[in-house]
1. Within straight cross-link reach of A:Lys88, meaning Cα distance under 20 Å, which aspartates and glutamates are found once same-chain residues fewer than 8 apart are removed?
2. Quick check: net charge around B:His86, other residues with Cβ under 11 Å of its Cβ, Lys/Arg +1 and Asp/Glu -1?
3. Report the one residue of B:Thr278, B:Trp402, B:Gly288 whose Cα lies farthest in the direction of the positive end of the charge dipole of region B:8-407 (charges on C-beta: Lys and Arg +1, Asp and Glu -1; origin at the Cα centre).
4. Let me confirm one metric for peptide A:136-149, namely the mean number of other chain beta-carbon atoms within 10 Å of its residues' beta-carbons.
5. Mind ranking A:6-12, B:16-22 by how tightly packed they are, going by the mean number of other C-beta atoms within 10 angstrom, highest first?
6. Just how large is the dipole of region B:59-183 about the Cα centre, in debye to the nearest 20, putting +1 at every Lys and Arg Cβ and -1 at every Asp and Glu Cβ?
7. Return B:Trp235, B:Trp295, B:Trp352 ranked ascending by Cβ neighbour count within 10 Å, so the fewest neighbours appear first.
8. With springs only between Cα atoms under 10 Å apart, run a GNM on chain B and tell me which of B:Asp160, B:Asp283, B:Asp57 wobbles the most.
Amino acid sequence: MKLTRRDFLMTALRGTIATALPIGAFKFLKPSEARAAIEGTNVRWGFLVNTYKCIGCGFCVKACKLENEVPYNVQVTRTWVERYVILKDGRFLADTPMGGRDGFTDSKVQEEEVKNEEIAKGFFVPKLCNQCENPPCVQVCPVGATYQTADGVVLVDRSWCIGCGYCIMACPYGARFFHPVYKTAEKCTFCYHRITKGMKTACVDACPTGARQIGNLKDPNYPVTKVILNQRVAVLKDEYGTKPQAYYIGLDKNVR
Amino acid sequence: MIESYVQEAQWTIKELFVYPNEFIYWSIQIVMYPLMTGLVAGAFVLSSLYHVFGQKDLKDMAKFSLVFSFALLLVAPVPLLFHLQHPLRGMQVFFTPHFTSAISAFGIVFFAYSIIVVTEIWFVYRKYFVERTLDLKGKEGLGNTVTRLLYNVLTLGAYDIGEEAQQKDEKAIKILAGFGIPVACFLHGYAGFIFGSVKANALWMTPLMPVIFIMSAIVSGIALCMLTYIAIMEWKKFRIKTSRKPWEVTAEEVAGVEIELMSKSSKYLIGFMIAAITLEILDLIFRGYMAVKSWDILRSVIYGKDFVDIFILQYTFGNLLPFTLLLLPRLTVRRLAVALSLVLFGVFMMRWNVVIGGQAFSLSFAGYMHYKMPFIPYNLETFKEGFFGAFTVGIMPFILFWGINRLIPSLRYK
């Protein structure tokens, strides 16, 4: 059989189209979608912070550092507490010495002595990873070492992270850092090792006022889910489109 | 608990309200990285101007900048390896690329580009390899045998250097050079994309970033090739003058750099400089006009904290001054060399102001971070992320070029 160039090209084209069409009928699933389709997960972890209840004691930070083996005497931390002081002249001051680990006993904020009568309002805001629905940190990881679990928690594989720091740059909340010992990207995991065994996170357990709560957002009977559904809650920096899943009661426009 | 410290704290100074986990994570090596890839891309584009667009007067520069581009190419990943916390895992970018990340493109683009450059060099030097093999045939001595074997291998068995075969080589070179231009631009454009796509960073996030990077890359590549060319030719001239008796030296030998060739190259340089500057100014004006949430802190960084770095060092010394020097009539080699050095300095400052400047303010928009570059290293980190680490990366391409140039001479000495 003699095959001309024209015939060859035509046959190749037809063959390609014939193969491509059936392939196009398939839908490619993300690993998490595939898992969800098979197992039908009914868990989505979320967090609720009531800033009215936070007294800035720093027990959560202490508990977190000890539970998750983040070196105690370094600035970096998986969770932290910020103190905001808004003065009567409209200025705002904020600080978080050692992530608020030892509480806030100094009346100096940002190295400025603040008198009680100058203060219009003051409050504490605990922060942690927002376990975003659309996490930019996962998007930018060049090797796929950080990933989102089916129940919505973003984790890091310490054995695969190359330590480029791109995820740290991509997080708008400053939730990530390099672990000083393992030299890999480190972040709050909602104490994944605890919550998946029916326990609460270390910070929730340590909080003396109940300012921190964790729950399954897919279960409407959880107290956290009820509050998020029925009360007015806000999230941090939603302008980045990350769809954060840590909800706050009592946020202020000054909160960064 | 293990006694430990935050390594970034060694070079980060925080001011006002900064989140506890914020530091200058991307320091001098990430300044060097886009600088190096930019030089690679620029050098290649310069060589392609001759091969593809037939700019005959750039012939001498074309061969040289192609080989120099190869030397730079080998160094381009080094800053990344210096920067990685786990450099030995760097290969994983090739094994498990995660394609939503701009960095994962590195493996593919870098290898594709390397293949193009190496293949083009092979076609350019094929005739030379064959000639060397034939020249050394029958000559005695171990050195000659080894060299002949090496060149013999490099010919890859293609000994035909007839008229027709050479024409085919030329055609292949033209295709490769033409194909290489978009790949070179992509190699660097994606470096810009790495920064431009970080939505968390108010200074980096702009779709103009890849284009700005490409333009300044071509500027830096052309400038470095011209400067190295001048340096080598002048050194050669100096060596000839000092090593021989005056009456043995011919006028051609001491001609040194041809100013016509240089002024032609500098025309391209000026063109790309104008493009780069226009885009950068456009970006700045746009930010000020839009004045979104982040503008308050950006303005305080751009017009306040980094004013000297941006407006004095980058724009005045790196752009305005060399621009004037290049445009003034009666260009001399010396003035050109000064202008080119300033251009390179300007591009370095641009990279610096993007990478370091982008981390000069906190994500809280209520605090600042200052990068204090480690100078005298006192541990591995302060070496890698300090002056000497950057210096090591900076001189590497020249050492490599020296070695490669011995194997495949890229400069025609008359």
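Every number in this text was worked out from the coordinates using simple rules, so none of it is lab data. Just so you know, these numbers come straight off a predicted model, no measurement behind them. Heads up, the Cβs are rebuilt from the backbone with ideal geometry, glycines too, and the neighbour counts pull from every protein chain shown.
1. A:Asp106, A:Glu111, A:Glu112, A:Glu113, A:Glu117, A:Glu118, A:Asp252
2. +3
3. Projecting each Cα onto the dipole axis, the largest value belongs to B:Trp402.
4. 5
5. Taking the mean over residues of other Cβ atoms within 10 Å, the ranking is B:16-22, A:6-12.
6. 200
7. The most exposed by this proxy come first: B:Trp235, B:Trp295, B:Trp352.
8. Ranking B:Asp160, B:Asp283, B:Asp57 by mean-square fluctuation puts B:Asp160 first.
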